[in-house]
Amino acid sequence: MTNRIPLSVPDLRGREAEYLARCVRENWVSSAGPEVTAMEAGIASLTDRRFAVATVNGTAALHLALLAVGVRPGDRVIVPDWTFAATANAVAHCGAIPVFVDVREEDWALDPELLSEALKIFGGVGAVIAVDPLGHAADLDAIESICRTNGVAMIEDAAGAIGALYRKRPCGSGGVVSTFSFNGNKTITAGGGGMVVTDDEDIAEKVRHLSTQARLGSDYLHDAVGFNYRMTNLNAALGLAQLERLDEMVAARQAISERYDKAFRSAPGLARMPRPKHSTGTGWLYSLQFESEQKAVKLVDWLNEDGIDARVFWRSLSVQKPWSGCSSMLRGVSAALSGTVVSLPSSSSLDASEQAKVINSVKRFLAKGDL
Ligand SMILES: *Cc1c(COP(=O)(O)O)cnc(C)c1O
């Protein structure tokens with residue numbers, strides 16, 4: 001074991017091993033079992049949703065959410081230009097075409113004003129995906145009301161925002177459907193996993209049906225092209241143990257991001273990630289923005305040499321190879337964020353002395369001033 005400080009790693013200090021052992025003992029390890037059901041109930045309750053359906057990962061959750069709201073091949077789907085590739089990939093998996101709309105400076109999330117303009121210009125839009133970036137919420141009410149006016153379904157990609165609030169309600173309560181990821185680098189993990197939550201019974205049924213090969217009953221009868229997208233009980237057992245400690249792990253990340261925020265308040269040559277008034281964020285990945293890509297890359301190299309994992313965050317999707325032919329509506333915000341945002345170690349298991357080391361290293365980098 002080296003004592004490198006990791007970026008965002010699983011924090012398995014709860015009953016994970018106990019629950020996993022129980023799955024093995026009771027022979028529930030595959031795509032059915034009490035832990036899957038309990039995990040679904042836990043997430044439904046957390047998000048005040050009537051239904052939750054567990055999936056193998058967050059990308060699959062998005063794919064099924066898009067299909068369930070009726071996105072068809074050839075439809076357009078509006079996606080923020082600054083998000084993880086999975087958001088756009090899920091659109092393409094439906095045979096639909098992403099239209100990239102810029103994010104706002106104040107929250108680094110989908111710009112409602114531009115969304116409204118985009119919906120005037122682009123026809124055939126089957127859905128809008130609002131992404132909650134970096135552990136805080138997009139402006140869900142503003143986006144949702146525009147979607148409602150235009151008769152388009154809104155999906156909230158809350159992959160990295162479990163435990164965060166939009167105003168007073170939980171992230172994952174926005175839009176017709178919301179999705180989560182329980183990947184290893186998220187606030188809570190199931191090893192791998194995802195969840196679709198909704199209040200609409202038909203949508204929940206459709207997602208559940210498509211996630212298990214669109215099988216009718218227990219015979220080999222099928223009524224659609226389905227997917228093998230169900231979460232396994234082993235993953236759910238891990239996820240369930242994590243969910244029990246969600247509040248504690250969110251509080252740890254919030255304290256970490258609070259300390260970073262204070263430490264860099266008057267640091268020159270950087271901007272701290274936004275903390276929009278409309279959201280109580282979790283500090284999933286605390287990030288700083290630099291004036292140039294070169295400086296961001298130099299900081300990452302500097303930290304890496306100091307035994308600290310840091311990473312340049314998302315890049316504008318519209319200019320990347322798979323998407324360069326897609327339409328977009330941009331104002332330069334995602335372009336400015338692209339390559340210039342650096343995420344710092346934010347694991348809930350990061351201790352105060354490790355964090356002090358990170359802060360000290362960033363400060364020494366800034367003091368060099370030879371950039
Ligand atoms: C992590 C993430 C996903 C994908 O989730 P996986 O579980 O890795 O498939 C989708 N969207 C966003 C915004 C994410 O951060």
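Other residues whose C-beta falls under 12 angstrom from the C-beta of LYS277 contribute a net charge of -1, scoring Lys and Arg +1 and Asp and Glu -1.
Take every pair of alpha-carbon atoms less than 8 Å apart whose residues are at least six positions apart; their mean separation over the length of segment 16-244 yields a relative contact order of 28 percent.
Please label the shape of segment 228-333 as rounded, prolate or oblate, based on the square roots a ≥ b ≥ c of the eigenvalues of the alpha-carbon gyration tensor (a/c under 1.5 means rounded; beyond that, a/b larger than b/c means prolate, else oblate). Cα axes put segment 228-333 in the oblate bin.
Along its three principal directions, the equivalent ellipsoid of segment 115-265 from the Cα gyration tensor extends over semi-axes of 29, 25, 11 Å, largest first.
Rolling a 1.4 angstrom probe over the chain with all protein chains present gives an accessible area of which 51% lies on carbon and sulfur atoms.
Averaged over its residues, the chain has an accessible area of 42 Å² per residue, based on protein heavy atoms and a 1.4 Å probe. Share of pairwise Cα-Cα distances greater than 27 Å in the chain is 47 percent (whole percent).
Antiparallel DSSP bridges in the chain: what percent, to the nearest 5? Just about 60 percent of them are antiparallel.
In segment 74-154, a dipole from Cβ-located charges (positive for Lys and Arg, negative for Asp and Glu) runs towards its positive end, and of LEU140, ILE129, ALA92 it is ALA92 whose Cα lies farthest in that direction. Model label sites at ASN3 and ASP261, defined 7 Å from Cα along the beta-carbon direction, differ in position by 3.0 nm. This model, with +1 at the C-beta of Lys and Arg and -1 at the C-beta of Asp and Glu, gives the chain a dipole about its Cα centre of some 640 debye. Dividing the Cα radius of gyration of segment 23-162 by its Kirkwood radius returns 1.02 for Rg/Rh. Within the shell defined by Cβ-Cβ distances under 9 Å, the residues around SER338 carry a net charge of -1, with Lys and Arg each +1 and Asp and Glu each -1.
Considering only LEU64, VAL207, GLN294, and ranking their Cα positions along the charge dipole of the chain that arises from unit charges at the beta-carbon of Lys, Arg, Asp and Glu, the one farthest toward the positive end is GLN294.
Look at the dipole of the chain built from charges on Cβ: of SER334, PHE182, ALA158, the Cα furthest out on the positive end belongs to SER334. Over 20 Å apart at the Cα level, from the set LYS186/LYS363; LYS120/LYS168; LYS186/LYS277; LYS262/LYS357; LYS186/LYS206, are LYS186/LYS363; LYS120/LYS168; LYS186/LYS277; LYS186/LYS206. What does the charge count around GLY126 come to, taking other residues whose C-beta lies under 9 Å from its C-beta (Lys +1, Arg +1, Asp -1, Glu -1)? Surrounding charge for GLY126 is +1.
The values are calculated or read from the model by the stated rules, or taken from the named source; none is laboratory data. As the structure is a prediction and not an experimental result, all values here were calculated from the model. Glycine gets a Cβ as well: all are built from the backbone with ideal geometry, and neighbour counts include every protein chain shown. Protein only, heavy atoms only, side chains kept; ligands, DNA and RNA dropped before computing areas. Shrake-Rupley method; radii C 1.70, N 1.55, O 1.52, S 1.80 Å.
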